[in-house]
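The values are calculated or read from the model by the stated rules, or taken from the named source; none is laboratory data. On a predicted model such as this, the values are computed, not experimentally measured, just so you know. Reconstructed Cβ throughout: ideal geometry from the backbone, glycine too, with neighbour counts over all protein chains shown. These area figures cover heavy atoms from the full protein model, side chains too; ligands, DNA and RNA do not enter into them. Shrake-Rupley method; radii C 1.70, N 1.55, O 1.52, S 1.80 Å.
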Amino acid sequence: ELRALPKESEWVEFKVDNTNPQIIGEYISALSNSANLKNKEYAYLVFGIEDETHKIVGTSFRPRNKKIGNQELENWIITQLDPKIDFKIIEQSINGKNIVIFQIETSQNRPIAFIGI
């Protein structure tokens, strides 16, 4: 369904292997805020999909194996969001290619900040 969109939008972002925790956190914050403005229930950050073509290329990113210091990536990001929002990490294989989807709850009462921004 997401790949069928004509292009990325304010609430959907496609990546292949950009695994910088800071950038991921910033995307989660921004996508959540934008999804609210577009009246969407969720925003999505999708790894393993080419931005321009929406072709499934797979990703080597394994978010559940990524750590920031002693914290798992997911927990680290959650502690940096204010107010806290929920997001779900979905990992699956499509035609032998790894896909990772961050399904991000939409901001509700106020904008979401990541590390104060």
Once every DSSP H run of n ≥ 4 in the chain is given -39500 (n - 2.57) and the sum is divided by its residues, what mean residue ellipticity at 222 nm do you get, rounded to the nearest 500 deg cm²/dmol? -6500 deg cm²/dmol
I'd like the FRET efficiency for Lys7 and Asn95, computed as 1/(1 + (r/R0)^6) with the beta carbon distance as r and R0 of 22 Å, rounded to 0.05. 0.45
Using a 1.4 Å probe on the protein heavy atoms only, what accessible surface does Thr19 show? Give it in Å² to the nearest 10. 40 Å²
Give me the net charge of Trp76's neighbourhood, meaning all other residues with Cβ under 12 Å from the Cβ of Trp76; Lys, Arg count +1, Asp, Glu -1. 0
